[in-house]
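Engineer: Sharing a structure here in structure tokens format.
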Amino acid sequence: MREVGQNEKNLAPRGLWVRGGIAVLALAAAVSGCASPGGHEARPAAGPQQLQAPAARALDSYAAKLRAAHAARVAAARRWNLARVPLTAPPPPVHKPRITARKGFEVQDQEELDLPPVFTTIPTRQKVVFLTIDDGSEKDPEFLRMMSDLKIPYTAFLTDKEIKDDYGYFRTMQGEGHTLNNHTLTHPYLPGLSYEEQKREICGMQAVMKKQFGRAPTVLRPPFGNYNQDTLRAARSCGIKYAPIWDEEVFVDHWEYREDDQDLHPGDIVLTHFRGRADWGGKGTMIDDMRRFLNKVTAEGYAVARLEDYL
């Protein structure tokens, strides 16, 4: 450490006194509202002024909101009997990833015809997965409450044959911020149909979605994950841009995996179905299905993100 010389020792008190005097004068001027030499009130200098106290209050308010949101999430996880509190997804990417057809899932002339890509995973390094739910046959109000309480995003792929008895259920879902997408009119095996028949299935569902939910989606999941070139050509003609399928499927009592490692990966699309206790042989409800899904992804360090935020 450098030693302080005698001259520096002598100067230090004087410097401190000068600075202290200036500070005292400034404080006195501020308190008394002193006037300028011309007798006018002194005004602050032009330019942006720092407002430290309001900024601090804003930060405190934001922190309080975060604490309240976390407390609500903890309470919801306890209410729905989850093993852990679900993780919160990161903000959506500023630059959307480029989505291409998964290797081996392309059809002839995929790029030349600019056909909707079929894919099972979103390219991202973030530990997020995407929950997608197919068809719409089970309309459990407890499911809506659970996902609303927990603030878990999901995408529904709807089939008109399964939802036409209660469009209102899915309007409620849409009103809570979840995206509704196309899963055809009647859920057929599309490659077994002609081009025109496939187009009727896809475009017909687009018309239903527009009428019942206010918009025709740009995302289609072909039933059973089966498709051919005609499927993607018909989909493109109906306004479809993407055709995601899935990398894992969750059931009420087990998971199934597409990959040999039998594990989750960043960006994986997970499939489940709108099913009730009768559909699953009495083994559980959609609540049990969601509990299995959330417990696993949370335990492995994944958050659930909104698929459309990455498209």
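Engineer: Count charges around A68 for me, please; just the other residues with Cβ under 15 Å from its Cβ, Lys/Arg as +1, Asp/Glu as -1.
Structural biologist: On the way: positive: K65, R67, R73, K151; negative: D60, D149.
The answer is +2.
Engineer: Moving to a separate point now. Mind checking the full-extension length gain between E196 and V74? Use 0.36 nm per residue of separation minus the Cα-Cα distance, one decimal, nm. Working shown, then result.
Structural biologist: Values: separation 122, 0.36 × 122 = 43.92 nm, distance 5.07 nm.
38.8 nm is the gain from fully extending E196 to V74.
Engineer: I would also like to ask the following. Along Cα→Cβ, 7 Å out, is where each label goes; now give me the distance between the ones at K283 and D140 in nm to one decimal.
Structural biologist: Reported label-point gap for K283 and D140 is 1.4 nm.
Engineer: What net charge is computed for the residues neighbouring R200, neighbours being all others with C-beta under 13 Å from the C-beta of R200, Lys and Arg scored +1, Asp and Glu -1? Display every interim value, and only then the final one.
Structural biologist: Values: positive: K199; negative: D160, E196, E197, E201, D230.
Taking every other residue near R200 into account, the sum is -4.
Engineer: If you don't mind, another one. So how compact is the range 217-311: Cα radius of gyration and Dmax in angstrom?
Structural biologist: 15.2, 42
Engineer: So, one more: So between N226 and L311, what do we pick up on full extension, going 0.36 nm a residue minus the alpha carbon distance? List each step's numbers first, then the result.
Structural biologist: Working: separation 85, 0.36 × 85 = 30.60 nm, distance 2.14 nm.
Taking N226 through L311 to full extension adds about 28.5 nm, to one decimal.
Engineer: Taking the range 138-288, how many lysine pairs are there with alpha carbons less than 29 Å apart, if each pair must be eight or more places apart or span two chains?
Structural biologist: Counting lysine pairs in the range 138-288 gives 29.
Engineer: Near A234, within a Cβ-to-Cβ distance under 12 Å, what is the net charge of the other residues, with Lys and Arg +1 and Asp and Glu -1? Kindly include the intermediate steps, with their values, before the conclusion.
Structural biologist: On the way: positive: K199, R200, R233, R236; negative: E196, E197, E201, D230.
Local net charge: 0.
Engineer: Per residue, how large is the accessible surface of the range 219-311? Use a 1.4 angstrom probe and give square angstrom.
Structural biologist: Details: 3410 Å² over 93 residues.
So the range 219-311 comes to 37 Å² accessible per residue, rounded to a whole number.
Engineer: What size of dipole, in debye to the nearest 20, comes out for the range 168-296 about its Cα centre when the only charges are +1 on Lys and Arg C-beta atoms and -1 on Asp and Glu C-beta atoms? Please list the in-between numbers first.
Structural biologist: Numbers: 17 positive and 18 negative charges, 180 e Å.
Here the range 168-296 has a charge dipole of around 860 debye.
Engineer: Label R98 and S237 with points 7 Å out from Cα along Cα→Cβ: what is the distance between them in nm?
Structural biologist: 3.0
Engineer: Rg and Dmax of the range 110-199, using alpha carbons, in Å: what are they?
Structural biologist: In order Rg, Dmax, the Cα atoms of the range 110-199 give 15.8, 46 Å.
Engineer: Could you please state how large a percent of the accessible area of the range 160-311 is carbon and sulfur, counting protein chains only and using a 1.4 Å probe?
Structural biologist: Details: 2740 of 6170 Å².
Taking all protein chains in place, the range 160-311 shows 44 percent carbon and sulfur surface.
The values are calculated or read from the model by the stated rules, or taken from the named source; none is laboratory data. Not measured: the values here are computed from a predicted model. Reconstructed Cβ throughout: ideal geometry from the backbone, glycine too, with neighbour counts over all protein chains shown. The area values use the complete protein model at the heavy-atom level, side chains included, leaving out ligands, DNA and RNA. Shrake-Rupley method; radii C 1.70, N 1.55, O 1.52, S 1.80 Å.
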